[in-house]
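Data first, discussion second: the structure below is written as structure tokens.
The values are calculated or read from the model by the stated rules, or taken from the named source; none is laboratory data. For clarity, every value in this text was computed on a predicted model and none was experimentally measured. Glycine also receives a Cβ, built like all others from the backbone with ideal geometry; neighbour counts cover every protein chain displayed.
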Amino acid sequence: MKRNREETEKKIKEAVGRIVLREGFAGLGINAVAKEAGCDKVLIYRYFGSLEGLTESYVKEKDYFSNIAPVFPGTGEKLTREETAWVAKRIFIGQLKYTASDAEFRELLLWELSHRNQITERLAKSREEKGMQVLNKAGISGEFEGKDLAAIAAIIQGGITYLLLRSKTSDVFNGIDLSSDEGLLRIQNAVGDLIETILS
């Protein structure tokens with residue numbers, strides 16, 4: 001029985017994803033999702049409580065920073081400079097790769113940037129709390145030799161988000177083809193270089 005519920009929930013959330021890709025979050029509705037999923041809308045209410053509950057469950061599952069669980073090297077309480085750089089690169093290059101490869105996540109980011117509601121507010125709060133836990137553990141939320149690492153991390157994260165959302169309407173930025181593997185590799189290498197330079 002539990003397996004059937006899990007399979008149905010997965011099918012419903014996959015239906016949400018298809019609608020989001022076609023119509024954005026504005027296209028979501030109980031009837032639309034039930035039709036797309038090929039299930040009775042009663043199941044949506046039973047498993048998620050409401051359209052808001054379904055949307056929030058889908059959003060939490062798709063969000064990169066809500067689900068990030070980087071592996072931390074070393075055994076000591078405080079990471080070395082090299083370990084901090086290694087973790088930072090994994091976090092932000094991971095963000096770049098995930099955002100570039102997942103169109104549904106990009107739609108989520110666009111929705112979050114253009115709509116303020118209870119779901120996006122809770123997502124922002126949850127992401128902030130989880131993100132700060134990770135950054136604190138990685139040692140990139142305070143200062144390093146007078147450098148404000150939290151602000152630098154925000155710029156890197158925001159820059160990655162902007163570039164990949166902008167690629168929806170314009171492939172090229174500063175001569176870099178954001179729609180190509182080569183262009184994304186250039187951005188990836190630049191993120192790594194920035195982190196190494198900042199923590200050197």
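Scanning the range 108-123 for residues that are surrounded by fewer than 12 Cβ atoms within 10 Å (Cβ to Cβ) and in a helix (DSSP H, G or I) yields S114, Q118, E121.
Taking the range 1-69 as the region of interest, the helices (runs of 4 or more DSSP H) fully inside it that hold 1 or more residues being among the acidic types (D, E) and closer than 25 Å to S101 by Cβ are 2-23, 30-37, 51-62. For the criterion of being among the charged types (D, E, K, R) and modelled with pLDDT under 95, K35 fails.
Only one of A34, A100, A85 is surrounded by fewer than 19 Cβ atoms within 10 Å (Cβ to Cβ) and either within 10 Å of the chain's Cα centre (by Cα) or not basic (K, R) (or both). Can you tell me which?
Matching residue, one of A34, A100, A85: A34.
Of all the numbered requirements in (1) touching a residue at least 40 places away in the same chain (Cβ under 8 Å); (2) touching an Asp or Glu at 6+ places or on another chain (Cβ under 6 Å); (3) not hydroxyl-bearing (S, T, Y), L54 misses one, and that requirement is (2).
Count of the range 163-185 residues, restricted to those that are surrounded by 14 or more Cβ atoms within 10 Å (Cβ to Cβ) and either part of a helix (DSSP H, G or I) or among the aromatic types (F, W, Y) (or both), is 6. With respect to the conditions (1) farther than 22 Å from Q188 by Cα; (2) modelled with pLDDT under 90; (3) touching a Ser or Thr at 6+ places or on another chain (Cβ under 6 Å), G139 lacks only one, and its number is (1). Residue count for the range 84-137 under the criterion of being free of Cβ contacts under 8 Å to residues at least 12 places away in the same chain and farther than 26 Å from E14 by Cβ: the result is 7.
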